[in-house]
Amino acid sequence: MLYTWCDIISQHKQSGNDYSLLKPVYSIWLLAENLLPGETEQPQEYKLQNRQGHTLADLGGIHLREQRTIQIEREEDLREMEGIKQENERIQHDMEQAQQDLQREQLEN
């Protein structure tokens, strides 16, 4: 991962040009499993920094995303959409019922 990211950056660097001319490169990796056990934050983002946490340059970064978490989010979204659909159906039913009640009242008067 790191080699690929650095390789792309080096391809953008022209000999003799200043590093400040480089544009950020973002490498996005979708993983079948957790690369770093114990790392729960998703997506995981890594940048080139020294030991004190100072970023060397704004050259982008490497982003990792587990396929499992994508699937979980998709399932949660589907459940939420199903709940919204059921709520809409209930509202539609209530509106139809109210319209029928109103028509019945108008006929009685």
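The values are calculated or read from the model by the stated rules, or taken from the named source; none is laboratory data. Keep in mind the model is a prediction, meaning the values are calculated, not measured. Using ideal geometry, Cβ is built from the backbone for each residue, glycine included, and neighbour counts are taken over all protein chains shown.
The rows are residues; the columns are (1) closer than 26 Å to GLU73 by Cβ; (2) surrounded by 12 or more Cβ atoms within 10 Å (Cβ to Cβ); (3) in contact with a Leu (Cβ under 9 Å, 6 or more places away or on another chain); (4) of a type in the set (Val, Ile, Thr).
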{"site": "GLN14", "(1), (2), (3), (4)": "no, no, yes, no"}
{"site": "TYR26", "(1), (2), (3), (4)": "yes, yes, no, no"}
{"site": "PRO37", "(1), (2), (3), (4)": "yes, no, no, no"}
{"site": "GLN44", "(1), (2), (3), (4)": "yes, yes, yes, no"}
{"site": "ARG51", "(1), (2), (3), (4)": "no, no, no, no"}
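If you check GLU105, GLU73, GLU80, which single one turns out to be surrounded by 10 or more Cβ atoms within 10 Å (Cβ to Cβ) and modelled with pLDDT of 80 or more?
Within the list GLU105, GLU73, GLU80, the selection yields GLU80.
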* Provide a single number: the residues in segment 1-35 that are within 24 Å of the chain's Cα centre (by Cα) and more than 18 Å from TYR46 (Cα to Cα). => 1
* Structure fact -> Filtering segment 24-54 down to residues that are in contact (Cβ under 8 Å) with a residue 24 or more places away in the chain and charged (D, E, K, R) yields GLU33
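Quick check: is even one residue across segment 25-39 of a type outside the set (A, V, I, L, M, F, W, C) and modelled with pLDDT of 80 or more?
Yes, the conditions are met somewhere in segment 25-39.
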* Pairs under 8 Å by beta carbon, first residue modelled with pLDDT under 90 in segment 83-101, partner surrounded by 10 or more Cβ atoms within 10 Å (Cβ to Cβ), six or more apart or different chains? -> none
* **In segment 1-32, the residues that are over 12 Å from ARG65 (Cβ atoms), outside any helix (DSSP H, G or I) and in contact with a Lys or Arg (Cβ under 9 Å, 6 or more places away or on another chain)** => LEU22
